[in-house]
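The structure appears right after this line, and notes come after that.
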Amino acid sequence: MDFNLTARQKDLQERTRRFIAEQIIPFERDPRNTAHGPTEALRNELVALARAEGLLTPHASPDMGGMGINHTDKAIMFEESGYSTLGPTAMNIHAPDEGNIHLMEVVASHEQKERWLRPQVQGLTRSCFAMTEPHPGAGADPSMMLTTAVRDGDHYVIHGTKWFITGAEGASYCIIMAKMEDGSATMFLTDMDRPGIRIDRQMDAMDSCFTGGHGVMKFENLRVPATDVLGEIGKGFKYAQVRLAPARLTHCMRWLGQARRAHDIATEYARTRQAFGRALGKHEGVGFMLADNDIDLHTARLHIWHTAWLLDQGNACNFESSRAKVTCSEAEWRVVDRCVQILGGQGVTGETIVMRIFMDMRAFRVYDGPSEVHRWSMARKILDAAPRS
């Protein structure tokens, strides 16, 4: 692997970094940045700025209006976007839309892309992905899915409850995972204003960075035309991996930017704050934390770059995706946790952005598969691949 940036990649990095610093960070204290994420009005304003800079939805294909960047390019641009809590929203590379755009590019028909994907790439609409269910339904184990889809003429009738559905409020369309009569799973596309879809409530969550928050959705006699099946019947779990494997990595990229932001703030504080006759950072207890931050940031970036390179070569699998997700989510979390400690009182108040990053990032070790589930999955593969005596 060559870790040197090309001239093109350096330009992408600098353009994104300058855009975030000059145009997006000033919005972080905007009152429209709420406990359930940026409002639609704030999102639209941010998206317009990215569109004007030519930085909107860079991961989408040129045919759809994006830049067609590869996974290695994403590692550069997505980290820079994450330097602000609002950066991914502005550039239309936030969850769940970033993963849904990738899935739609790979699986959707031409008609489905024109109807749902193209306006989404243009930043005009949002989407949500409905898979997770309350107990006793699907969580980390998708085979426990209780939402059903039954064929009725030229339609499928969907019943079920989903929750932790990021971006549900205000989304234009939804990708629903439902179980078929034979026990297989299928993905369905639906406009959110169809009869039979109800958002029961918004869930109060630690994080507040996703437009539309996290909703509880109910489907009651939702009729979806057979033409709106995403891909093939019975291949829902396969398509979920098409979406989730790269999406886990892009989460790592965006949160790396936020961890770096927290580290920069803590470093400046440690450099200038005096305690016991010297700068705070000159005390070993604080200095060592800064050093450990640098180690964790570097470790996370290496894992991201290596996995992105494998994806670009077509050689990455769920094992590498799981390893990167665990390594990065835990390393980046340690960085932000140390930053709170270094900042002391400022770290646990809204005096800096670090408290918000801390609250937002804690969920990263849970969503897209908790660390424990990924470790369990990796362990099974390690045992299966072990030489037999």
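Read the figures in this text as sums done on the coordinates, not as results from a lab. Bear in mind that the values here come from a model prediction, so they are computed numbers and not experimental data. Cβ placement follows ideal geometry from the backbone for every residue including glycine, while neighbour counts extend to all protein chains displayed.
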Stokes-Einstein D in µm²/s, Kirkwood radius over Cα pairs - segment 127-232 at 20 °C with 1.002 mPa s viscosity: 156
Fraction of the pair-distance distribution of the chain above 37 Å, Cα-Cα pairs, percent: 21
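Compute the Rg to Rh ratio over segment 7-94 from the alpha carbon atoms, using the Kirkwood formula for Rh, and round to two decimal places.
Checking Rg against Rh, the ratio lands at 0.97.
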Partnerless Cys - the chain, beta-carbon criterion under 4.7 Å: C128, C174, C209, C317, C339
Sequence ranges 257-270, 105-118, ranked by mean other-Cβ count within 10 angstrom, highest first: 257-270, 105-118
All-pairs alpha carbon distance profile, segment 237-385, 5 Å steps from 0, percent: 2, 10, 18, 19, 17, 12, 9, 7, 4, 2, 1, 0, 0
Relative contact order of segment 319-389, pairs being alpha-carbon contacts under 8 Å that are 6 or more residues apart, as %: 40
Karplus-derived HN-Hα couplings along segment 365-375 (A = 6.51, B = -1.76, C = 1.60, θ = phi - 60°), whole Hz, x at Gly and Pro: 6, 10, 6, 6, x, x, 3, 5, 5, 5, 4
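So, by mean Cβ neighbours within 10 angstrom, what's the order for 293-303, 208-218 with the highest one leading?
208-218, 293-303
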Gain in span if fully extended, T299 to F237, counting 0.36 nm per residue against the direct Cα distance: 19.2 nm
Stokes-Einstein D for segment 70-124, Kirkwood Rh over Cα pairs, 20 °C, 1.002 mPa s (µm²/s): 179
Leading residue at positive end of dipole, segment 269-371 (Cβ point charges), from G287, V366, V336: G287
Top positive-direction residue, dipole computed over the chain with Cβ charges, set H298, H71, G137: H298
Unit charges on C-beta of K, R, D, E only; dipole of segment 287-326, Debye: 120
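Of the cross-linked pairs K113/K381; K113/K325; K325/K381; K10/K282; K162/K235; K74/K162, which ones have a Cα-Cα span greater than 25 Å in the structure shown?
K113/K381; K113/K325; K10/K282; K74/K162
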Electrostatic dipole magnitude of segment 127-232 [Cβ: Lys, Arg +1; Asp, Glu -1; Cα centre; debye, to 20]: 140
Selection from Y173, G212, G123 lying farthest towards where the dipole of the chain points positive, charges on Cβ: G212
Segment 198-269: radius of gyration and largest Cα-Cα distance (Dmax), Å: 18.6, 58
Virtual paramagnetic centre 7 Å along Cα→Cβ of H159, amide N under 19 Å, in segment 137-152: 137-138, 144-152
Test item: Cα-centred dipole of the chain, Lys/Arg +1 and Asp/Glu -1 on Cβ, debye: 600
Length-normalised contact order for the chain - Cα pairs under 8 Å, 6+ apart - percent: 16
Rh by Kirkwood over Cα pairs, then Stokes-Einstein D for segment 231-277 at 1.567 mPa s and 4 °C, µm²/s: 92
Kirkwood Rh (inverse of mean 1/r, distinct Cα pairs), segment 59-196, angstrom: 16.2
Net length gained if the chain between A35 and R151 were fully extended (0.36 nm per residue, minus Cα distance): 37.8 nm
Per-peptide average of other Cβ atoms within 10 Å, ordering 76-86, 32-42 highest first: 76-86, 32-42
Relative contact order (percent, whole number), segment 100-160, Cα cutoff 8 Å, 6+ residue spacing: 18
Cβ-derived FRET efficiency at R0 51 Å, M203 paired with A275, nearest 0.05: 0.80
